[in-house]
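Below is the structure I would like to discuss, written out as structure tokens.
The values are calculated or read from the model by the stated rules, or taken from the named source; none is laboratory data. Bear in mind that the values here come from a model prediction, so they are computed numbers and not experimental data. A quick note on method: Cβ atoms are made from the backbone with ideal geometry, for glycine too, and the neighbour counts reach across all protein chains shown.
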Amino acid sequence: MSEFNISRNEILDKIKQSYSHYYTFIENNLAPFNAIAEFHSKNSQYFLLKSATLAEEELNEYVYFVSLDTLDLSALKVIEKTAWENGLSKVEPHSNHRCSDITVIIIAESVSNEAKEYIKKIKLTKRYKFTFFGWSYFRILALDMSSNKIFNNNKAKDLRKLIQNINLKR
């Protein structure tokens, strides 16, 4: 990725702006997050009439945005635990629920080596009634402004591509 020529807050604003087209930003009183966004989608398949529903599925995503000076391992574990617990508290599994993913996007001036390694190893997953009522995955991505690199866990590979496509230069 090319060099970030703008401040953390400007990067955060650009990323939030790209999310604002499809996501709803909610009131945030939850530390350490700068913003929280939610996405909800409900798809239905019908046979001739809406009353003859063949299938329905519900997809949700809860995105937590963090901007901080230094991301070390202890701060990362707090962010991980808080986002995971808060995100899971919003999930309402039922027969039409497919997935409710929890995503964290961190923008930091610097990221410690321990945090970089820990991010790659994060694998939080919750299945509801053996996946008959859906599942939840945890995706996390950190932008390290000092090294101009992005670090993510395995589930956030597609998120990495999305962030790389946002113009983070002045």
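Of all residues in segment 113-136, which are more than 18 Å from Leu76 (Cβ to Cβ) and within 13 Å of the chain's Cα centre (by Cα)?
Ser136
Another question, if that's okay. If you scan segment 102-148, which residues turn out to be in contact with a Lys or Arg (Cβ under 9 Å, 6 or more places away or on another chain), more than 17 Å from Val66 (Cα to Cα) and charged (D, E, K, R)?
Across segment 102-148, the qualifying residue is only Lys123.
Oh, and also: Can you tell me which residue within segment 1-48, out of those that are under 22 Å from His97 (Cα atoms) and either exposed (fewer than 10 other Cβ atoms within 10 Å of the Cβ) or in contact with a Leu (Cβ under 6 Å, 6 or more places away or on another chain) (or both), is modelled with the highest pLDDT?
Ser41
Of the residues in segment 9-29, how many are in a loop (DSSP other than H, G, I, E, B) and in contact with a strand residue (DSSP E or B) (Cβ under 7 Å, 6 or more places away or on another chain)?
Count: 3.
If the requirement is being at positive phi and touching a residue at least 12 places away in the same chain (Cβ under 8 Å), which of these qualifies: Asn60, Asn86, Asn148, Asn96?
Asn148
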